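Since every read-out is calculated from the coordinates, none of them should be taken as a lab result. Note that the structure is predicted; figures quoted are calculated from it, not measured. All Cβ positions, even for glycine, are placed from backbone atoms using ideal geometry, and neighbour counts span all protein chains on display.
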Amino acid sequence: MKNETKNKPVLDEDGDVVEEIKVCSRCSEIPMIWTFAFNGSEWWCPKCGKNEGMMGAGENIPITQELYNLGEALSKELKSTDGYLHAKGIQVCVATIWKGEKIDPADLPDKEKERLEKIVNEWEYNKSFKLKNGKLIIY
Ligand SMILES: [Zn+2]
């Protein structure tokens, strides 16, 4: 479906026009995050935790620059080494890279396992998200 608005088109990082964005069918205006961080979850809602597979996940709605920016900021923040998706993904994966070597996450140093556990345990659902001057605010 073409988005015929007077607004400037929304461009992705490659400069391609983006017309739709996938949002959570429970939370509406919350962009879903593309992830393989959890077993069986390609799409994940950072607000309610809904996990969905590749096909038929969420709802595709006409994109706005605001929604695009929020989705990009959420994805970047939650996939960073201090982010929830990164930490949870390491905990459930078969192997991870530590100091250049492929190891079982169970063989990580205790200090790193505790750091990951703290990030995961401190994550709370049902938060709200907004961008203020380009910075993601979780409240
Ligand atoms: Zn949701």
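In the chain, what cysteines have no partner Cβ closer than 4.7 Å?
For the chain, the answer is Cys48, Cys93, because their Cβ atoms have no other cysteine Cβ under 4.7 Å.
Need one number: nm distance between label points at Ala95 and Glu59, each 7 Å from Cα along Cα→Cβ, rounded to one decimal.
4.2 nm
Which one, Leu67, Leu11, Leu116, has the greatest fluctuation when you compute a Gaussian network model over the chain with C-alpha springs under 10 angstrom?
So, out of Leu67, Leu11, Leu116, the one fluctuating most is Leu11.
Straight-line reach only, C-alpha to C-alpha below 24 angstrom: list the lysines that Lys127 could link to, leaving out same-chain residues fewer than 8 apart.
Lys22, Lys47, Lys50, Lys76, Lys79, Lys88, Lys118, Lys135
What is the diffusion coefficient of the chain in µm²/s, taking the Kirkwood radius over Cα pairs and the Stokes-Einstein relation at 10 °C with a viscosity of 1.306 mPa s?
Numbers: Rh = 16.4 Å.
This corresponds to a translational diffusion coefficient of 97 µm²/s.
What is the range 18-131's relative contact order, in percent, from Cα pairs under 8 angstrom and six or more apart in sequence? Please report the intermediate quantities before stating the final value.
Values: 160 pairs, mean separation 27.2, N = 114.
Answer for the range 18-131 is 24 percent.
Nearest 10 degrees is fine. How inclined is helix 110-122 to the longest principal axis of the chain, computing both from alpha carbons?
Its long axis makes an angle of about 40 degrees.
Taking amide H positions as placed in the peptide plane 1.01 Å from N, state which residues far from Ile30 in sequence (5 or more) or on other chains have amide H under 5 Å from it.
Cys24
Could you state the angle between the C-alpha long axis of helix 65-79 and the longest principal axis of the C-alpha atoms of the chain, as a value from 0 to 90 degrees rounded to the nearest 10?
Rounded to the nearest ten degrees, it is 10.
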